[in-house]
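J.: Below you'll find the structure I mean.
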Amino acid sequence: MTADFLRNAYGGESMAHMRYLIWGDHAARNGFPNIGRLFEAIAHAEQIHATNHFRALRDLTGGASVCAGGEFGLKSVVENLDWAIEGELGEVNQMYPVYLQAAELQGEKEAVRSFRYALEAEKIHAALFEEARGLAANSRDMALGEDKILICPVCGFTHIGAHPEPCPICNVKASLFVGF
Ligand SMILES: [Fe+2]
Ligand SMILES: [Fe+2]
């Protein structure tokens, strides 16, 4: 069961990665360059999640069909953000808690870690997209100034601006964070 969940989660994160790049490009072209950057940064976090799930499958090689939902379409920046929020909250409230519990029951430590990292990071993604959505609804972009959007390369933790402390999710050094 855990292996199927890892494959499904890999599929979901892979699609989210692409979808955010597409929506980010769309936002940047439509007067919201910083919301575009947020999408781009979070797309990178989803790539990290997909990579973690893929690696957790280890020697379970071979072809498989996956079951992964995702939104298709290019609407307004606000509507794309609505979809992004819905997707993140679906992962936080439904998908990852179930996957995590199955992995714990089956004693799959690497899958537990991979699902936990994603679950915790998606909570932050939902909040950041909510913030961006509120601004975009009033025709305002995010005010990032000199701040970078930082992504933890291990777990996908996402933070805007300086973050001197180690990653609160996986404890990696903040100096390793990738900036967007
Ligand atoms: Fe996310
Ligand atoms: Fe981390």
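The values are calculated or read from the model by the stated rules, or taken from the named source; none is laboratory data. Predicted model only: the values in this text are computed from it and were never measured. For neighbour counting, all protein chains shown are included, and Cβ atoms are generated from backbone atoms with ideal geometry for every residue, glycine included. Heavy atoms of the whole protein, side chains included, go into the accessibility calculation; ligands, DNA and RNA do not. Shrake-Rupley method; radii C 1.70, N 1.55, O 1.52, S 1.80 Å.
J.: Using the Karplus equation 6.51 cos²θ - 1.76 cosθ + 1.60 (θ = phi - 60°), what ³J(HN,Hα) coupling, rounded to whole Hz, does each residue of segment 74-81 give in order, writing x for Gly and Pro?
T.: Computed from phi, the couplings for segment 74-81 are 10, 10, 6, 4, 5, 5, 5, 5 Hz.
J.: Helix 96-105 against the longest principal axis of the chain: what's the angle in degrees, Cα atoms only, rounded to the nearest 10?
T.: 20 degrees
J.: About its Cα centre, what dipole magnitude does segment 29-101 give when the only charges are +1 on Lys and Arg Cβ and -1 on Asp and Glu Cβ, stated in debye to the nearest 20?
T.: Dipole of segment 29-101, to the nearest 20 debye: 240 debye.
J.: Using a Gaussian network model of the chain with C-alpha springs under 10 Å, which one of A127, A111, A56 is most mobile by mean-square fluctuation?
T.: A127
J.: Which listed residue (P166, G87, C67) has the Cα farthest towards the positive end of the charge dipole for the chain, taking +1 on Lys and Arg C-beta and -1 on Asp and Glu C-beta about the Cα centre?
T.: It is P166.
J.: Let me know the charge dipole size of the chain about its Cα centre in debye, to the nearest 20, where only the beta-carbon of Lys, Arg (+1) and Asp, Glu (-1) is charged.
T.: Roughly 300 debye, rounded to the nearest 20.
J.: For the chain, set up a Gaussian network in which alpha carbons nearer than 10 Å are linked by springs, and say which option among E40, E91, E71 fluctuates the most.
T.: E71
J.: Let me ask something else. Need the full-extension length gain, R140 to N30, defined as separation in residues times 0.36 nm minus the C-alpha distance. One decimal, nm.
T.: Net length gain for the segment: 38.5 nm.
J.: Which of the trypsin sites (Lys or Arg not before Pro) found in segment 63-130 are in a DSSP loop and have at most 16 neighbouring Cβ atoms, other than their own, within 10 Å?
T.: For trypsin sites (Lys or Arg not before Pro) across segment 63-130 that sit outside H, G, I, E and B with at most 16 neighbouring Cβ atoms in 10 Å, the list reads K75.
J.: Can you run phi through the Karplus equation (6.51, -1.76, 1.60; θ = phi - 60°) for segment 150-164 and list ³J(HN,Hα) in whole Hz, with x for Gly and Pro?
T.: For segment 150-164, the Karplus curve yields 9, 10, 6, x, 9, 10, x, 3, 10, 8, 9, x, 4, 9, x Hz.
J.: Just going by the charge dipole of the chain, with Lys and Arg at +1 and Asp and Glu at -1 on Cβ, which of A3, P33, A56 is farthest out on the positive end?
T.: With unit charges placed on the Cβ atoms, the residue in question is A56.
J.: What is the magnitude of the charge dipole of segment 123-180 about its Cα centre, with +1 placed on the Cβ of each Lys and Arg, -1 on the Cβ of each Asp and Glu, and no other charges, expressed in debye to the nearest 20?
T.: Value, rounded to 20: 140 debye.
J.: May I pose another question? On the full set of protein chains, 1.4 Å probe, figure out the accessible area of D59 and give it in Å² to the nearest 10.
T.: 120 Å²
J.: Can you tell me which of A102, A45, A118 moves the most in a GNM of the chain? Springs connect C-alpha atoms under 10 Å apart.
T.: Result for the chain, Cα springs under 10 Å: A102 fluctuates most.
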